Amino acid sequence: MLILNETEIRSLVDAAAARTVVADAFRALHRGEATLPPPVSVGFRSPNGLAHIKAGHLHRDTVWTVKVATDFETSDGGSMTHDGVMLVISAVDGALACVLLDNGYLTNLRTGAAGAVAADLLARDDAATAAIVGAGNQARFQLEALLQVRPIASVRVAARNRARAQEFVSEVEERWRLRAQLCETVEEAVRGADVVVTTTASEAPLLQAAWLENGVHVTAVGSDEPTKQELATDVLARADVVAVDDQSQAARLGELHHALDDGSVDPADVVTIGELLDEARPGRREPDDVTVADLTGVGVQDAAIAALVMRAATRSAPAL
């Protein structure tokens with residue numbers, strides 16, 4: 001049995017490889033070549049915390065994955081700690097094959113990869129200005145992945161914590177050598193942007209349809225619980241394309257959930273990322289189309305990236 005820590009895992013996988021396997025997982029899900037159980041959430045009161053449990057199996061693989069990701073409030077109540085582990089289990093005899101002690105790194109990486117897959121499918125080819133709402137780890141993963149698929153030259157950042165937002169702006173300028181702007185409001189950040197990415201745990205809408213320019217693409221990654229919401233439902237109502245990672249899950253947990261509840265969106269009009277990748281449904285048709293990707297995070301993404309890490313580890317250490 002393999003046991004890999006975060007440092008070892010980081011040396012075995014990168015954003016480009018993650019994007020490839022995540023796209024393949026979306027295709028497999030669309031084609032019925034994957035098993036996706038519903039996610040499980042476990043809440044805690046003292047201290048305040050939440051555990052997400054997701055599982056998935058890509059039928060082509062001889063292993064399947066269970067992922068546990070946790071968020072717990074620190075003792076001072078001022079911030080949250082994040083952790084995670086993935087268990088890779090044989091689909092042949094049920095034996096535990098690998099433990100990935102990634103501390104949530106693979107969840108961040110595969111979520112960024114999914115955002116890049118969505119942007120590559122739906123954002124205009126010439127998209128050059130990105131608005132990032134939120135300034136945590138996922139904001140960085142989303143931007144890094146987005147830069148691989150679109151010619152982003154400038155970044156606007158809006159976040160509740162101004163100090164963290166300023167830190168992110170400085171990192172954008174120094175690490176990626178891009179123009180970066182700290183915005184006072186979400187509205188200031190998104191007006192005129194070509195791509196908008198929301199990466200928060202907000203339980204109240206942050207983004208309004210009236211602020212969006214024609215031709216914009218929006219990726220929302222924060223809603224993985226029924227109470228969470230980053231986009232006002234009029235954003236989905238305005239969109240020419242609404243795409244989700246999995247329709248049944250998004251209808252329970254995602255931005256789609258709220259739009260279905262108030263009748264803003266017809267479920268028949270919603271497409272999946274897998275359908276777009278297989279060209280089974282149309283995506284963006286015109287430069288002025290507004291497109292939205294609602295990404296709730298599905299277990300087949302975890303299965304895909306866990307199998308990728310395990311294969312890479314086996315290749316790098318054949319004696320294991």
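Here, each number is a calculation from the coordinates, and none is a lab measurement. Values in this document were obtained by computation on a predicted structure and should not be read as measured data. Positions of Cβ are generated from backbone atoms using ideal geometry, with glycine treated the same way; all protein chains shown enter the neighbour counts.
Computed quantities for the displayed model
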quantity	calculated
Sum of side-chain charges, ALA153 neighbourhood, beta-carbon under 11 Å (Lys, Arg +1; Asp, Glu -1)	+1
Between 0 and 90°, nearest 10: helix 162-175 axis offset from the chain longest Cα axis	80
Residue range of the chain that is longest and free of GluC sites (Glu not before Pro) which are both DSSP loop and sparsely packed (at most 10 other C-beta within 10 Å)	1-183
Along the chain, longest interval not containing exposed trypsin sites (Lys or Arg not before Pro), exposed being DSSP loop plus at most 12 other Cβ atoms within 10 Å	61-176
Distance in nm between pseudo-label sites at LEU2 and ASN48 (7 Å out along the Cβ direction from Cα)	3.8
Value in Å of the Kirkwood radius, where region 17-87 supplies the Cα pairs that are averaged	14.0
Inter-site label distance for GLN208 and SER90 at 7 Å from Cα along Cβ, in nm	5.9
Proxy reagent accessibility, fewest Cβ within 10 Å first, across ASP302, ASP24, ASP266	ASP266, ASP24, ASP302
Degrees separating the helix 15-31 axis from the principal Cα axis of the chain, which is the longest one	90
Debye log10 I(q)/I(0) at q = 0.08, 0.12 Å⁻¹ for the chain, Cα point scatterers	-0.34, -0.78
Cα point-scatterer Debye curve for region 112-298, base-10 log of I(q)/I(0) at q = 0.11, 0.14, 0.16, 0.19 Å⁻¹	-0.40, -0.67, -0.89, -1.28
Local net charge near ASP289, Cβ-Cβ under 15 Å (Lys/Arg +1, Asp/Glu -1)	-3
Tilt relative to the chain, helix 137-146 - C-alpha long axis, 0 to 90 degrees, to 10	80
